[in-house]
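Data block below; observations after.
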Amino acid sequence: MSTKITELVFEQLEGKLPEPFELVDVEWAKMGADDVLSVLVDKPDGITLQDTADLSEIISPELDQITPDPFPSDYMLEVASPGAERPLKKEADFEKHVGEYIFVKLYQKIAGEKEFVGDLVKFDAGVLTLTYLDKTRQKTVDIPYTNIAKARTQVKL
């Protein structure tokens, strides 16, 4: 159910936010007893509290247009910044974040691993190249975009 809601919302909102805002991700989660729809948005110079309030006024009527209504009657809408660990969903996201430190979870193992954390060296023709540390040795792995289950930028400690 939650996957269907996030897909419906993403589809409804894509291309509807004013420039320079970008729809990054949509999440549906339970927080205590509440159902929360989080719409993650960004813009080049970052999101302000006023931006989230203004965007809520745009997003809420768009959600009302989804039929049949997929939401429980008492869900909460949260418009927020993706934060430091931003989800990477589209091929364009990987292209934009070349040179950054990222986390990638795979559908199928590559080199015996399903998760990698390292530097995104390049993204070309649907394949990302990542350098990572394996114990004490630096290694490189090529990962097909179609094998990526989840990815995000990662704060390097």
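Using just the helices of the chain, give the 222 nm mean residue ellipticity in deg cm²/dmol: DSSP H runs with n ≥ 4 each add -39,500 (n - 2.57), and the total is spread over all residues, rounded to 500. Kindly include the intermediate steps, with their values, before the conclusion.
Details: 3 runs with 34 residues, N = 157.
After summing the helix terms and dividing by residue count, I get -6500 deg cm²/dmol.
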task = Multiply the residue separation of ILE110 and ASP54 by 0.36 nm, subtract the distance between their alpha-carbon atoms, and state the gained length in nm to one decimal.
result = 15.8 nm
query = What full-extension length gain, to one decimal in nm, is calculated for ILE66 and VAL36 as 0.36 nm per residue of separation minus the Cα-Cα distance?
reply = 9.1 nm
inquiry  = If I model a spin label as a point 7 Å beyond the Cα along the Cα-Cβ vector, how far apart are those points for LYS90 and THR146 in nm?
reply    = 2.1
Label-to-label distance, nm, for residues given as LYS139 and VAL117 (7 Å Cα→Cβ offset) = 1.6
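For an R0 of 22 angstrom, estimate the FRET efficiency from the Cβ-Cβ distance between GLU7 and LYS43 and round to the nearest 0.05. Present the calculation step by step, with values, prior to reporting the outcome.
On the way: r = 23 Å, r/R0 = 1.07.
The computed FRET efficiency comes out at 0.40.
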request  = Give a quick list of GluC sites (Glu not before Pro) in the range 1-108 that DSSP marks as loop, anything other than H, G, I, E or B, with at most 14 other Cβ atoms within 10 Å.
outcome  = GLU14, GLU85, GLU100
remark   = GNM on the chain, Cα springs under 10 Å; top mean-square fluctuation among LYS105, LYS30, LYS122 goes to LYS30
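Please state, as a whole number in µm²/s, the translational diffusion coefficient that the Stokes-Einstein equation yields for the chain at 20 °C and 1.002 mPa s, with Rh defined as the Kirkwood radius across alpha carbon pairs. Working shown, then result.
Working: Rh = 17.2 Å.
Value of D from the Cα-based Kirkwood radius: 125 µm²/s.
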query = Based on the Cα atoms of the range 1-78, what semi-axes does the equivalent ellipsoid have, where each is the square root of 5 times one gyration tensor eigenvalue, given in whole Å with the largest first?
reply = 21, 14, 11
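Do any of LYS30/LYS114; LYS135/LYS156; LYS90/LYS114; LYS89/LYS139; LYS43/LYS156; LYS4/LYS30 go past 18 Å between their Cα atoms, and which? Spell out each step's value before the answer.
Working: LYS30/LYS114 27 Å; LYS135/LYS156 16 Å; LYS90/LYS114 20 Å; LYS89/LYS139 24 Å; LYS43/LYS156 22 Å; LYS4/LYS30 15 Å.
Result: LYS30/LYS114; LYS90/LYS114; LYS89/LYS139; LYS43/LYS156 exceed 18 Å.
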ask   = Where the eigenvalues come from the Cα gyration tensor of the range 91-153, what are the semi-axes √(5λ) of the equivalent ellipsoid, largest first, in whole Å?
value = 16, 14, 10
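Where a number appears in this text, it was derived from the coordinates with a stated rule and is not lab data. From a predicted model like this one, the values you see are computed outputs, not experimental measurements. A quick note on method: Cβ atoms are made from the backbone with ideal geometry, for glycine too, and the neighbour counts reach across all protein chains shown.
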